[in-house]
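**Q** There's a structure below that I have some questions on.
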Amino acid sequence: MLGEADKKLVDDLTAIQALKFGEFRLKSGVLSPFYVDLRGIIAYPPILHRLALCILNVLQPLRFDRIAGIPYAGLPIATAVSLAGNIPMLYARKEVKEHGTRRVIEGTFNPGDVVVPIDDVITDGASKFEAAAPLLEAGLVVRDFVIFLDREQGGADKLREKGYTLYSALRISDVLAYLRDAGRLSSDEYGRCTDFIASVRF
């Protein structure tokens, strides 16, 4: 069940086409009847701010020293969370510069600091493991991941198998049910989406 603030956020994300329905090929090659693309949210600061507040609520009970944005979609989200919650942030570069400091990780930290990586969506969890690797190599501790939307197709299970816990602000099943009940998603579209979630695991 979504709260009123969550419903407003879903409405806005649908309006700016961050939540799309149709036929979309995922990175895995699988065709999906829905697609979540939060990269464009940087053009809508009020929506980004409310999304950050949503994630802050998820972070509240966790114990950590810093958050880490996962490039690229997770970087503006983590930055907004950092600003809204006054939380120190860092991020691991995807490409290390051949000049300057040649840092792998931008931001200040001490080995042993507990870091929570922040991202937009999880599907199979592969990008989360990639994001954790340089943090762990630098001596940081990663126990939990926080994402905005869980596609509920196996990513949380993959993380759990490796000893991590996933926390999500929203689940796609709740989002789909709300959009159907609000008349923004037809019964056929809703059925295609829920069938896909149930039948395709990554």
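**Q** Just to verify a number: FRET efficiency for VAL200 and TYR72, C-beta to C-beta distance, R0 = 22 Å, to 0.05?
**A** Computed FRET efficiency for VAL200 and TYR72: 0.35.
**Q** Cα axis of helix 172-181 to longest principal axis of the chain: angle in degrees, 0 to 90, nearest 10?
**A** 30 degrees
**Q** I need the calculated FRET efficiency for the pair ASN86 and GLU130, taking r as the beta carbon distance and R₀ as 35 Å, to the nearest 0.05.
**A** The value I calculate is 0.80.
**Q** Along the positive direction of the dipole of region 2-107 (beta-carbon charges: Lys, Arg +1; Asp, Glu -1; about the Cα centre), which of ALA5, LEU62, ILE47 reaches farthest?
**A** It is LEU62, whose Cα lies furthest towards the positive end.
**Q** Would you mind getting me the FRET efficiency between PHE24 and ASN110? Use the beta-carbon distance for r and R0 = 35 Å, nearest 0.05.
**A** So, using R0 = 35 Å, E works out to roughly 0.25.
**Q** Also: Compute the acute angle (0 to 90°) between the alpha-carbon long axis of helix 74-85 and the principal axis of greatest extent of the alpha-carbon atoms of the chain; round to the nearest 10°.
**A** Relative to the chain, helix 74-85 is tipped by roughly 80 degrees.
**Q** How large is the dipole of the chain about the Cα centre if only Lys and Arg carry +1 and Asp and Glu carry -1, each at its Cβ, rounded to the nearest 20 debye?
**A** 340 debye
**Q** Moving on to the next point. Considering every pair of different Cα atoms, what Kirkwood radius, in Å, is found for the chain?
**A** 17.6 Å
**Q** Run the accessible area of the chain with a 1.4 Å probe and give the carbon-and-sulfur part as a rounded percent.
**A** The nonpolar share, carbon plus sulfur, comes to 50 percent.
**Q** May I pose another question? Top mean-square fluctuation among ASP119, ASP181, ASP37, Gaussian network model of the chain, C-alpha springs under 10 Å?
**A** Evaluated over the chain, the most mobile residue of the options is ASP181.
**Q** Just how much of LEU53 is accessible, in Å², when a 1.4 Å probe is used and the result is rounded to the nearest 10?
**A** My reading of the accessible area for LEU53 is about 70 Å².
**Q** Mind pulling the angle between the C-alpha long axis of helix 126-137 and the longest principal axis of the chain? Nearest 10 degrees, somewhere in 0 to 90.
**A** Value to nearest ten degrees: 10.
**Q** Same structure, new question: For region 103-161, with only Lys/Arg (+1) and Asp/Glu (-1) charged at the beta-carbon, what is the dipole magnitude about the Cα centre, in debye rounded to 20?
**A** 120 debye
**Q** For the chain, modelled as a Gaussian network with Cα springs under 10 Å, which listed residue fluctuates most, THR108, THR14, THR165?
**A** THR108
**Q** Let me ask something additional. Among PRO134, PRO71, PRO61, which one moves the most in a GNM of the chain with springs linking Cα atoms closer than 10 Å?
**A** With Cα springs under 10 Å in the chain, the top fluctuation among PRO134, PRO71, PRO61 is at PRO61.
**Q** Under the 0.36 nm per residue contour assumption, what length would be gained going from the current alpha-carbon distance of ALA15 and GLU137 to full extension?
**A** That works out to 39.9 nm of additional length.
**Q** Taking 30 Å as the cut-off for C-alpha to C-alpha distance, list the pairs among LYS20/LYS94; LYS8/LYS94; LYS7/LYS158; LYS7/LYS162 that go past it.
**A** LYS8/LYS94; LYS7/LYS162
**Q** Radius of gyration and Dmax for region 1-114's Cα atoms, expressed in Å?
**A** When restricted to Cα atoms, region 1-114 yields Rg and Dmax of 16.6, 50 Å.
**Q** How much accessible area per residue does region 37-120 have, in Å², with a 1.4 Å probe?
**A** 53 Å²
The values are calculated or read from the model by the stated rules, or taken from the named source; none is laboratory data. Remember, it's a predicted structure, so these values are computed and weren't measured experimentally. FYI the Cβ positions are ideal-geometry reconstructions off the backbone, even for glycines, and counts take in every protein chain you see. Side chains are part of the model used for accessible areas, which takes the heavy atoms of the whole protein and leaves out ligands, DNA and RNA. Shrake-Rupley method; radii C 1.70, N 1.55, O 1.52, S 1.80 Å.
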